[in-house]
Amino acid sequence: MSSQAVNSRFFQSFSRAKRSNMEHIIKICMGSSCYSRGNQENLERIERFLSKHQLEGDIDLRGSRCEGLCSDGPIVEINGQIHGAVTVDTIDQLLEQQLILQ
Ligand code: FES
């Protein structure tokens, strides 16, 4: 499967939640650099975190195309704040800080 087809599938999967009353917005970069350097795994961790904390209805989770910040990637944006070098070792703590302890 081409990377474009994979990305299209991910973008479609993000439209599952209603967006009108979302409390938070998470944009995860699905550009080729971020995707191959960890955002595929980060996406799975984000979805697991949201499910674990029953936050799926409060979060607008979107995939984005390259943000032009590849050298700082993998990029995850939470409520307009860009986070770089996000890994599976740091994503849970980041989500907890931004979504639960805020
Ligand atoms: S691929 Fe994510 S910033 Fe370029």
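The values are calculated or read from the model by the stated rules, or taken from the named source; none is laboratory data. Keep in mind that what you see is a predicted model, and the values were worked out from it rather than measured. Quick reminder, even Gly has a Cβ in these numbers, built from the backbone with ideal geometry, and neighbours come from all protein chains shown.
Could you count how many residues in the stretch 58-73 are under 11 Å from Tyr35 (Cβ atoms) and near the ligand (Cβ under 7 Å from one of its atoms)? Residues that pass the stated criteria total 3.
Looking at Ser20, is it at pLDDT below 95 and either more than 10 Å from the ligand (Cβ to nearest atom) or on the phi < 0 side of the Ramachandran plot (or both)? Spelling it out, Ser20 is indeed at pLDDT below 95 and either more than 10 Å from the ligand (Cβ to nearest atom) or on the phi < 0 side of the Ramachandran plot (or both). Restricted to the stretch 43-65, and to residues there that are more than 13 Å from the chain's Cα centre (by Cα) and outside any helix (DSSP H, G or I), the residue that is nearest to Val88 (Cα to Cα) is His53.
Checking the stretch 53-63 against the condition returns no match, with no residue being buried (at least 16 other Cβ atoms within 10 Å of the Cβ) and without any contact (Cβ under 8 Å) to a residue 40 or more places away in the chain.
No other residue among Gln4, Gln12 is within 14 Å of the ligand (Cβ to nearest atom) and at pLDDT below 95 apart from Gln4.
Within this structure, Glu67 fails the test of being at pLDDT below 95, surrounded by fewer than 14 Cβ atoms within 10 Å (Cβ to Cβ) and among the charged types (D, E, K, R). Evaluated against (1) assigned to a helix (DSSP H, G or I); (2) modelled with pLDDT under 90; (3) not β-branched (Val, Ile, Thr), Gln40 falls short on exactly one condition, (2). Residue pairs whose Cβ atoms lie under 9 Å apart, sitting 6 or more positions apart in sequence or on different chains, and linking a residue in the stretch 88-102 that is closer than 10 Å to Ile78 by Cβ to a partner that is part of a helix (DSSP H, G or I) and among the hydrophobic types (A, V, I, L, M, F, W, C), are Leu95/Ile46; Leu95/Phe49; Leu95/Leu50; Leu99/Phe49; Leu99/Leu50. Taken over the stretch 70-87, the criterion of being closer than 17 Å to Glu41 by Cβ, part of a strand (DSSP E or B) and over 10 Å from the mean Cα position of the chain (by Cα) is satisfied by His83 alone.
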